[in-house]
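Participant: Below is the structure I would like to discuss, written out as C-alpha cells.
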Amino acid sequence: MNWFQEAGMTIARDFSDLADAASVAKVVIRLLVAAILGGMIGFERESAGKPAGLRTHMLVAMGAAIFVMVPQLLGAEGADITRVIQGLVAGIGFLGAGAIMNKGDDARGLTTAASIWLTAAVGMGAGLGREALAVMSTILALVVLAVIPRIAGQFQKEPTPPPPEPEPETPPETPPASPPKNPPKSRPPRKKNS
C-alpha cells in the first residue's frame, strides 16, 4: 500500500463517525434546528440594538448542540451526558457574565445574558433530539423578549421628567480697578539742619 492509499484510508476512518445517511440527516437536522432557533432569538436581540445578536446566538445554540451530540455519538448515556450539560451550563454562565455591565447601581445586559443562557438550553434541546421542546422554548422566549415589554409598557405610567437643574450662579462682575479718589498727598522734603 502506498502513501496516498494509506492517507485516504485514514481520512475515511476519521470521517466514519457518520457512517450512514440516517446519522448524517440526524446531525444536520439537529444543527439546523439549533442554528435557526438561536438565530430567531438573536435577531430579536439585534433588532433591539443589543450587542449580542444574530450570529452570537446562532453560534451559542450550535455549539451547545454539538457539545451534547458528540458524547451521544460516542455512546455516552445518562450520567455522562449530564456531566457534559453541567459543564456547558457553567461555561455559558461565563459568556453571559461578559454581557453584563455595571455602572454604579445600574446593571445593564442582564436580559442579553439570560437570552444567551436560554439559547444554549435551546441548542442542547435540539442536540439531544428534543426539537419540539426547543421550538416551544424559543417561541416562549420570543414572547418574553418582544411581546411582554410592550404589554408592560401599557401599564406603566409615563415617567415624570426630572426637574431642571438650576443654572450655576455666576459671580458678579467686578469693575476694573480705578485710581483711588483721594490720592495720598506727597510731603515736602524735609529740611536738613546743618
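The values are calculated or read from the model by the stated rules, or taken from the named source; none is laboratory data. Because the structure is a prediction, the values reported are computed rather than measured. Glycine gets a Cβ as well: all are built from the backbone with ideal geometry, and neighbour counts include every protein chain shown. Note: areas computed on protein heavy atoms with side chains; ligands, DNA, RNA excluded. Shrake-Rupley method; radii C 1.70, N 1.55, O 1.52, S 1.80 Å.
Participant: Would you say residue 84 is over 16 Å from the mean Cα position of the chain (by Cα), among the hydrophobic types (A, V, I, L, M, F, W, C), open to solvent by less than 60 Å² (accessible area, probe 1.4 Å) and within 28 Å of residue 62 (Cα to Cα)? Give the derivation first.
Facilitator: Values: over 16 Å from the mean Cα position of the chain (by Cα): yes; among the hydrophobic types (A, V, I, L, M, F, W, C): yes; open to solvent by less than 60 Å² (accessible area, probe 1.4 Å): yes; within 28 Å of residue 62 (Cα to Cα): yes.
Criteria met by residue 84.
Participant: Here's a follow-up. For segment 1-33, give me each residue that is under 23 Å from residue 121 (Cα atoms) and either open to solvent by 80 Å² or more (accessible area, probe 1.4 Å) or more than 37 Å from the chain's Cα centre (by Cα) (or both). Show your work before the answer.
Facilitator: The first filter runs over segment 1-33 and keeps only residues under 23 Å from residue 121 (Cα atoms), leaving 23-33.
Scanning segment 1-33 gives 26, 29, 32.
Participant: Further question on the same structure: I want to confirm something. Restricting to segment 94-112 and keeping residues that are over 19 Å from residue 36 (Cα atoms) and open to solvent by less than 40 Å² (accessible area, probe 1.4 Å), which single residue is nearest to the chain's Cα centre (by Cα)?
Facilitator: 99
Participant: Test each condition in (1) within 25 Å of residue 41 (Cα to Cα); (2) small (Gly, Ala, Ser); (3) modelled with pLDDT under 85 for residue 146 and report the one that comes out false.
Facilitator: (3)
Participant: Test each condition in (1) under 13 Å from the mean Cα position of the chain (by Cα); (2) surrounded by fewer than 17 Cβ atoms within 10 Å (Cβ to Cβ); (3) at pLDDT 90 or above for residue 51 and report the one that comes out false.
Facilitator: Checking residue 51 against (1) under 13 Å from the mean Cα position of the chain (by Cα); (2) surrounded by fewer than 17 Cβ atoms within 10 Å (Cβ to Cβ); (3) at pLDDT 90 or above, the one that fails is (3).
Participant: Hey, could you check segment 1-41 for residues that are of a type in the set (A, V, I, L, M, F, W, C) and not in a helix (DSSP H, G or I) and say which is nearest to residue 66 (Cα to Cα)?
Facilitator: Our first condition is that a residue be of a type in the set (A, V, I, L, M, F, W, C); within segment 1-41, this holds for 1, 3-4, 7, 9, 11-12, 15, 18-19, 21-22, 24-25, 27-29, 31-37, 40-41.
Then keep just the ones that are not in a helix (DSSP H, G or I); that gives 1, 15, 18-19.
Working: 1: 36, 15: 16, 18: 14, 19: 18 Å.
Only one residue fits best here, namely 18.
Participant: Please pick out the residue among 90, 76 that is at pLDDT 85 or above, part of a loop (DSSP other than H, G, I, E, B) and open to solvent by less than 70 Å² (accessible area, probe 1.4 Å). Reasoning before the result, please.
Facilitator: Working: 90 fails: part of a loop (DSSP other than H, G, I, E, B).
One residue alone meets the criteria, 76.
Participant: How many residues are more than 20 Å from residue 48 (Cα to Cα) and not aromatic (Phe, Trp, Tyr) when one looks only at segment 138-168? Write out each step before concluding.
Facilitator: Within segment 138-168, the subset more than 20 Å from residue 48 (Cα to Cα) is 155, 157-168.
Okay, now just the ones that are also not aromatic (Phe, Trp, Tyr), so 157-168.
Qualifying residue count, segment 138-168: 12.
Participant: Turning to a different aspect of this structure: Filter segment 54-73 down to the residues that are in contact with an Asp or Glu (Cβ under 8 Å, 6 or more places away or on another chain), free of Cβ contacts under 8 Å to residues at least 24 places away in the same chain and either loosely packed, with under 12 Cβ neighbours inside 10 Å or over 16 Å from residue 122 (Cα atoms) (or both) and list them by number.
Facilitator: Correct list: 71 only.
Participant: Mind listing just one residue for me: the one in segment 123-136 that is surrounded by 19 or more Cβ atoms within 10 Å (Cβ to Cβ) and either out of contact with any helix residue (DSSP H, G or I) (no Cβ under 8 Å at 6 or more places or on another chain) or of a type outside the set (A, V, I, L, M) (or both) and, of those, nearest to residue 27 (Cα to Cα)?
Facilitator: Here the answer is 127.
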